[in-house]
Structures are given as structure tokens and as C-alpha cells.
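Below is one structure, written out as C-alpha cells, with a few remarks after it.
Nothing in this text is a laboratory measurement; each read-out follows from the coordinates by a stated rule. Model, not experiment: these values are computed from the prediction. No Cβ is skipped: glycine too gets one built from the backbone with ideal geometry, and neighbour counts run over all protein chains shown.
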Amino acid sequence: MTAPVGVFDSGVGGLSVAREIRRALPSEHLLYVADTAYVPYGDRGDDEVRARTLAIGEWIQSQGAKVLVVACNTASGAALEALRERLAIPVIGLEPALKPAVRQTRNGRVGVMATSGTLRSARFQRLVDNYADGVQVVRDPCPGLADLVEDGLLAGPELAERMDAYVAPLRESGVDTVVLGCTHYVFVRDAVREALGPDVLLLDSGEAIARRTRQILADAGALEGGGPGSLRVLTTGDPAEAAPIVHRLWGEPQQVERLEI
Ligand code: DGL
């Protein structure tokens with residue numbers, strides 16, 4: 001059996017990371033789990049997010065995965081250390097792309113759009129303490145925005161109006177660089193750009209995570225040799241409901257299986 005690359009998110013947002021992994025590593029077999037029954041993680045307590053993340057991580061490992069990519073900033077913030085202790089396979093976590101944002105800001109003001117779970121995490125605070133010296137970091141929790149993506153609201157006037165409200169604190173603070181610190185938000189990048197204007201630089205972590213995944217597999221001599229890769233998608237929610245949005249975000253029809261955890 002070929003060992004898959006496990007990818008996990010609270011919902012469909014992590015497909016933005018899976019897409020980058022597919023681009024960088026087209027021969028790999030991706031095993032994607034969306035914990036749709038518990039989305040959004042951003043509004044849940046740390047203990048619950050940690051318990052879900054550990055349970056799903058263990059399941060993915062039990063499927064023979066050679067690496068686990070936690071394609072969720074919120075789950076990484078709440079559970080990365082615990083997951084690394086629990087699992088035998090390498091675990092790659094996500095964090096908002098604050099480091100590149102601090103390097104690239106011209107006016108010393110950076111915005112971070114992320115869930116409240118991510119923004120209150122010790123992991124995020126460490127990132128700010130270690131890398132954002134002298135830079136103003138404007139935290140922008142966006143309650144409900146991940147749900148809009150889950151519901152397929154990816155463009156149009158309703159999203160534009162809501163996005164305007166989401167980014168108001170960023171506009172008011174005059175940030176010139178904004179981090180999309182939740183994997184769902186990458187799918188509404190155009191709406192964020194519309195709301196903030198063309199001069200604000202938008203950054204996310206997807207490409208960096210794909211490079212890191214390649215590096216880890218290369219170091220372990222575990223890269224697939226060639227040939228076409230594949231994607232298998234499972235949801236803890238209703239597969240019939242998930243399939244259309246997975247299709248839209250992935251760009252091709254995709255069977256979705258039910259996972260009981
Ligand atoms: N996609 C997740 C992240 O990157 C969060 C969405 C949610 O609240 O579940 O943080």
C-alpha cells in the first residue's frame with residue numbers, strides 16, 4: 001500500500017493547503033479529513049479542539065499516513081505539542097504567516113485575520129513576542145467567516161458587505177500587510193482584497209507548508225516516485241452536503257466518504 005499524506009482541518013478550509021501540496025507534490029496520495037461535524041473550531045474551547053485533533057490525528061496515522069499536516073491554525077494552536085507527543089509520524093502544524101508579514105510591511109503595521117482560538121493561543125503569542133518586535137500587530141477575529149466559506153458564500157454582494165465589516169478594524173488601523181491566518185479565508189482572498197484595496201499585501205502559509213512537507217518527505221526518503229497522485233476526502237458530517245463545496249473548492253468532482261469519530 002502507498003502511504004498517503006494526511007491532511008486535516010475543521011472543515012473544507014484545509015483544502016487551500018492540500019491544493020498547494022498537490023501543486024508541489026503531484027504524485028502524492030492525499031488523505032483529507034474534514035471534521036465538519038465540529039466546525040467551526042474557532043468558537044470552541046481549547047480542550048474540545050485538542051480532543052478532536054488527537055482523535056482525528058490518531059485515525060489518520062492508523063490509515064498508514066507517512067506524515068500529518070494539520071491544515072488548521074486553530075487546531076495547531078490548541079494541540080500541536082500534544083499531537084506530536086501522541087503520534088509516531090511527523091506532524092506539520094500551521095501558524096499565521098506573521099514572520100513574512102513583519103519582513104514585508106513598509107509602515108510597521110500588520111493585520112492578522114484568524115479565529116479567536118488562534119489569536120488567544122500561546123503559540124500565536126509566542127510568534128508575536130519572538131518576531132514582531134517594533135511592529136504593531138492588529139488582531140482581527142472574524143467570527144462566522146469560516147462558516148460562510150463552509151456554506152459556499154465565496155463571492156457576491158452579501159459577502160462583500162460582510163467582509164467590509166470584518167476588515168473595518170484593519171482599515172482603520174492603516175495596516176499595509178494582512179495575514180490570512182485561517183485556512184478557510186484563503187478561499188475568500190478576492191473579497192478581502194476588494195474590501196482592503198489593491199495596496200494591501202495579503203499573505204498565507206499554504207505554499208510554505210507545501211515546501212515543508214516536501215522537505216520532510218525528502219529527508220525521510222519517502223517521496224512518491226512518480227505517476228499521478230490522488231485525493232481521498234472524508235467528513236465527520238454529511239458527505240452529501242460536503243461534496244458540492246469540496247467540488248467547488250478543489251475544482252473537480254470529488255467523492256466524499258463518511259467518517260465516524
Ligand atoms: N480553518 C481553521 C483555521 O485555519 C479554522 C476554522 C474554524 O473555526 O473551524 O484556523
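General observations
- Proxy reagent accessibility, fewest Cβ within 10 Å first, across Tyr38, Tyr131, Tyr32: Tyr131, Tyr38, Tyr32
- Rounded if a/c under 1.5, otherwise prolate or oblate - the chain, Cα gyration tensor axes: prolate
- About its Cα centre, the dipole of segment 113-261 is roughly 480 debye, where the only charges are +1 on Lys and Arg Cβ and -1 on Asp and Glu Cβ.
- Computed from backbone phi with θ = phi - 60° and the Karplus coefficients 6.51, -1.76 and 1.60, the 3J(HN,Hα) list for segment 232-241 is 10, 10, 10, 10, 7, x, 9, x, 5, 6 Hz; x is used for glycine and proline.
- Taken one residue at a time, the phi angles of segment 154-165 give Karplus couplings (6.51, -1.76, 1.60, θ = phi - 60°) of 10, 6, x, x, 5, 5, 4, 5, 5, 5, 4, 6 Hz. Gly and Pro are set to x.
- Ranking of Cys182, Cys142 by count of other Cβ atoms within 10 Å, fewest first: Cys142, Cys182
- Among Gln61, Leu201, Ala218 the positive-end extreme of the charge dipole of the chain (Cβ point charges): Ala218
- What you get for segment 47-205, charging only the Cβ of Lys and Arg (+1) and of Asp and Glu (-1), is a dipole of about 620 debye around the Cα centre.
- Across segment 104-261, the relative contact order, built from alpha-carbon pairs under 8 Å that are at least six residues apart, equals 22 percent.
- Charged-residue dipole, Cβ positions (Lys, Arg, Asp, Glu), segment 1-122 about Cα centre, Debye nearest 20: 560
- Residues Lys99, Lys66, sorted so that the one with the fewest Cβ neighbours within 10 Å comes first: Lys99, Lys66
- Seen through its C-alpha gyration tensor, with square-root eigenvalues sorted a ≥ b ≥ c, segment 43-163 comes out oblate because a/c lies at 1.5 or above while a/b is not bigger than b/c.
- Cα-based shape type of segment 100-253, given that a ≥ b ≥ c are square roots of the gyration tensor eigenvalues and the cut on a/c is 1.5: oblate
- Distance in nm between pseudo-label sites at Arg258 and Gln125 (7 Å out along the Cβ direction from Cα): 4.2
- Helix 122-131 vs. the chain, principal-axis angle (Cα, 0 to 90°, nearest 10): 60
- When both segment 1-72 and segment 110-138 are represented by their alpha-carbon centers, they are found 23 Å apart.
- Degrees between helix 73-86 axis and first principal axis of the chain (Cα, 0 to 90, nearest 10): 40
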